[in-house]
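Enquirer: Okay, handing you the structure first.
The values are calculated or read from the model by the stated rules, or taken from the named source; none is laboratory data. As the structure is a computational prediction, the values presented were derived from the model and not from experiment. Cβ: placed from backbone, ideal geometry, glycine included. Neighbour counts: every protein chain shown.
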Amino acid sequence: MRYKMIKPVLACFLSLVTLTSYAQPKIATVDVRKVLGEYHKKKAAEANLKERAADLEKGRKEMMDGYQQLNKKYKESLDSANDQAVSTAERENRKKAAEALFLEIKKTEQQINDFVRRTETTLDEQRRRVLDTLLREIREVISTTAKAQNYTWVLNSSGVGGDNVPDFLYSSGAYDLTEEVIKQLNANAPEESLKTNPSEGKPRNPEKDKK
């Protein structure tokens with residue numbers, strides 16, 4: 001979907017350039033998905049995350065082994081509490097011991113659930129930090145390359161997007177129409193509507209700024 005939008009975006013830019021006296025812009029594209037996939041640091045980061053996940057899984061398995069042992073002891077304790085060969089008082093003591101084991105089992109269940117949630121959260125945060133770092137480094141190289149080769153815009157041609165990777169990977173700012181649009185919109189605005197509070201600084205009135 002994002003890839004299909006690149007054509008109309010480019011068409012819009014080219015139309016703007018045709019209608020103005022600006023020089024022809026120089027536009028490039030970068031397949032961020034491919035760059036990210038072939039970046040050597042990504043492979044190393046994935047290996048580290050895999051190792052970290054294996055360590056956490058080992059910890060979870062150890063907790064599950066302990067949990068299973070508790071369940072085994074609890075079952076044996078229940079059987080013992082129902083042994084008619086012992087006195088009533090002894091059966092009562094064994095019943096209390098079984099109840100204590102049951103409480104320990106419930107506590108262990110909660111500990112395991114908490115551990116799993118923390119593990120998933122930790123891994124997700126680590127993956128996000130790694131991805132943010134890699135994408136930041138990629139964008140820095142794109143910007144450096146674009147400036148060195150005098151590109152006006154660099155567009156993301158892959159399907160990787162969202163907050164991490166915008167459509168525009170680089171812009172020289174030479175064809176930014178922000179101020180021109182503001183001037184046109186405010187051309188016939190009432191003077192009062194352009195005033196701001198002192199704490200907000202001076203009002204934006206590009207037409208007056210030129211005088």
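Quick grid of which residues meet (1) at pLDDT below 90; (2) under 30 Å from Leu169 (Cα atoms); (3) surrounded by 14 or more Cβ atoms within 10 Å (Cβ to Cβ); (4) not aliphatic (A, V, I, L, M):
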residue: Lys34; (1), (2), (3), (4): yes, yes, no, yes
residue: Glu38; (1), (2), (3), (4): yes, yes, no, yes
residue: Glu46; (1), (2), (3), (4): no, yes, no, yes
residue: Lys50; (1), (2), (3), (4): no, yes, no, yes
residue: Lys73; (1), (2), (3), (4): no, no, yes, yes
residue: Thr88; (1), (2), (3), (4): yes, no, no, yes
residue: Ala98; (1), (2), (3), (4): no, no, yes, no
residue: Leu101; (1), (2), (3), (4): no, no, yes, no
residue: Lys107; (1), (2), (3), (4): no, no, no, yes
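Enquirer: Filter region 75-86 down to residues that are assigned to a helix (DSSP H, G or I) and either touching a Cys at 6+ places or on another chain (Cβ under 7 Å) or surrounded by 12 or more Cβ atoms within 10 Å (Cβ to Cβ) (or both), then give me how many there are.
Expert: Here is the first cut: in region 75-86, the ones assigned to a helix (DSSP H, G or I) are 75-81.
Subsequent filtering for residues that are either touching a Cys at 6+ places or on another chain (Cβ under 7 Å) or surrounded by 12 or more Cβ atoms within 10 Å (Cβ to Cβ) (or both) retains 75-78, 80-81.
Residues flagged as assigned to a helix (DSSP H, G or I) and either touching a Cys at 6+ places or on another chain (Cβ under 7 Å) or surrounded by 12 or more Cβ atoms within 10 Å (Cβ to Cβ) (or both) within region 75-86 amount to 6.
Enquirer: Only one residue in Leu131, Leu70 is on the phi < 0 side of the Ramachandran plot and out of contact with any helix residue (DSSP H, G or I) (no Cβ under 6 Å at 6 or more places or on another chain), so which one is that?
Expert: Numbers: Leu70 fails: out of contact with any helix residue (DSSP H, G or I) (no Cβ under 6 Å at 6 or more places or on another chain).
Of Leu131, Leu70, the one residue that is on the phi < 0 side of the Ramachandran plot and out of contact with any helix residue (DSSP H, G or I) (no Cβ under 6 Å at 6 or more places or on another chain) is Leu131.
Enquirer: Next question, about the same structure. Evaluate region 109-123: report whether one residue or more is of a type outside the set (Ser, Thr, Tyr), farther than 29 Å from Lys73 by Cβ and part of a helix (DSSP H, G or I).
Expert: yes
Enquirer: Please list, ordered by first then second residue, the pairs with beta carbon atoms under 8 Å, 6 or more apart or interchain, first in region 103-129 and assigned by TED's automatic domain parsing to the domain that holds Lys75, second basic (Lys, Arg).
Expert: If the second residue must be basic (Lys, Arg), the pairs left are Ile112/Arg60; Phe115/Arg60; Val116/Arg60; Thr119/Arg60; Leu123/Arg52; Gln126/Arg52.
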